[in-house]
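Worksheet: one structure, shown below.
The values are calculated or read from the model by the stated rules, or taken from the named source; none is laboratory data. Just so you know, these numbers come straight off a predicted model, no measurement behind them. Every residue, glycine among them, receives a Cβ derived from its backbone with ideal geometry; neighbour counts consider all protein chains shown. With ligands, DNA and RNA removed, areas are computed over all heavy atoms of the protein, side chains included. Shrake-Rupley method; radii C 1.70, N 1.55, O 1.52, S 1.80 Å.
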Amino acid sequence: MKKEKIRNLIDIKDFSVKEIDELIKVANDIITNREKYSHKCDGKILATLFFEPSTRTRLSFESAMLRLGGKVLGFSEAGSSSTAKGETLGDTIETVSGYADIIAMRHPKEGAPVVASKRASVPIINAGDGGHNHPTQTLTDLLTISREKKRLNNLTIGLCGDLKFGRTIHSIISAMSRYDNIKFILISPDELKLPDYTITEVLEKNNIEYVETNNLEEYMSDLDILYMTRVQKERFFNEADYLRLKDYYILDRKKLDNAKKDLCIMHPLPRVSEINPDVDDDPRAKYFTQAHNGVYIRMALILKLLEVK
Ligand code: NCD
């Protein structure tokens, strides 16, 4: 394969809105006609290289490839790979390029997937790089929003929790800023506010309406989507700060009293304490549906990057 022909998914903006809409369409078709896809990737291999913990992202990638008839290999912690012996990321990637047709990787360092893509001879999928981006979670989120709300425009979206380190937040803002009439309510403690560059380079540059607040209930009645996130313990420099901030927001039934009847409550998971389990039975809680949608959109993504018709 010629290097310049390879498509990667490093940043959600690597795909146009049209391409994302097409992926959503394919994912919806997979949901209704699963059998049709069960041999699309016969003989293909996906490598999942996870240098950071994961449950959903890695297993949904593996499930996606297995459901397409392909096979999977990989590792789920850096310590069990030659990284522990001092091998560079580039050398690992060049090696695995000969073992698999496509690579999904997660790494604690921001930008690692870009470095990897320079050495890879197969498509690279960013399955999360440090506190930076998480484009396949965003594809999962967009599929969920489009299925639950029947639209990706005209939405007021509350993003709550760790907006500073939360990579799912950075990617969903970047993606949704390309649709019409989107308004963001950015709910976080002062210390975990959305980084300035996202405010200026994404929101302000695209004339996206937004407000910042540290009060979860203040705009509750306006929201179409409430996207909760965990405080990203692993990105903190000291434990005391984490302990002080970790329970800053706890969504419970009571706090939903003024919310819209068709609010869609999302969370990329894992949840720690930010959503009380008493919310799980509320029909507006969509986070486990969201996790399941991850398989179908990743199936669509693998088909696209491997150019399977
Ligand atoms: C997210 C992540 O890894 O960024 N998890 C996921 O992939 N579903 C969110 C998180 O870890 O808080």
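Helix 17-32 and the long axis of the chain differ in direction by around 80°, with both axes built from C-alpha atoms. For the pair residue 258 and residue 209, a Förster radius of 22 Å applied to the C-beta separation gives a FRET efficiency near 0.60, rounded to the nearest 0.05. Listed by chain and number, the aspartates and glutamates placed with their C-alpha closer than 17 angstrom to that of residue 233 are 52, 110, 129, 162, 190, 191, 241, 247, 274; residues fewer than eight positions away on the same chain are left out.
The overall shape of region 209-309 is oblate: from the C-alpha gyration tensor, with semi-axes ordered a ≥ b ≥ c, the ratio a/c is 1.5 or greater and a/b is no larger than b/c. About its Cα centre, the dipole of the chain is roughly 1180 debye, where the only charges are +1 on Lys and Arg Cβ and -1 on Asp and Glu Cβ. Solvent exposure of the chain, expressed per residue, is 45 Å² of accessible area, with all protein chains present and a 1.4 angstrom probe. Relative contact order of region 54-148, taken over Cα pairs closer than 8 Å and 6 or more residues apart, is 20 percent.
Fully extending the segment from residue 217 to residue 19, taken as 0.36 nm per residue of separation minus the present Cα-Cα distance, adds 67.7 nm. Using C-alpha pairs below 8 Å separated by at least 6 residues, the relative contact order for the chain is 20 percent. On region 135-291, 45 percent of the accessible area sits on carbon and sulfur atoms, based on a 1.4 Å probe.
When we measure straight from the Cα of residue 286, which aspartates and glutamates land under 12 angstrom away, once same-chain ones fewer than 8 places off are left out? Once the sequence-local aspartates and glutamates are set aside, what remains near residue 286 is 141, 148, 262.
Directionally averaged projected area (region 87-204, Cα convex hull): 8.5 nm².
At the listed q of 0.18 Å⁻¹, the Debye profile of region 135-291, built from one uniform point per Cα, gives log10 I(q)/I(0) equal to -1.11. Expressed to the nearest 5 percent, the antiparallel share of DSSP beta bridges inside the chain is 5 percent.
In whole angstrom, how far apart do the alpha carbon centroids of region 90-156 and region 247-309 sit? Centre-to-centre (Cα) distance: 19 Å. Straight-line cross-link reach from residue 85 at under 15 Å between alpha-carbon atoms covers these aspartates and glutamates, not counting any fewer than eight positions away in the same chain: 77. Convex hull of alpha carbon positions in region 1-51: directionally averaged projected area 5.5 nm². P(r) tail for the chain: Cα pairs beyond 33 Å make up 23% of the total.
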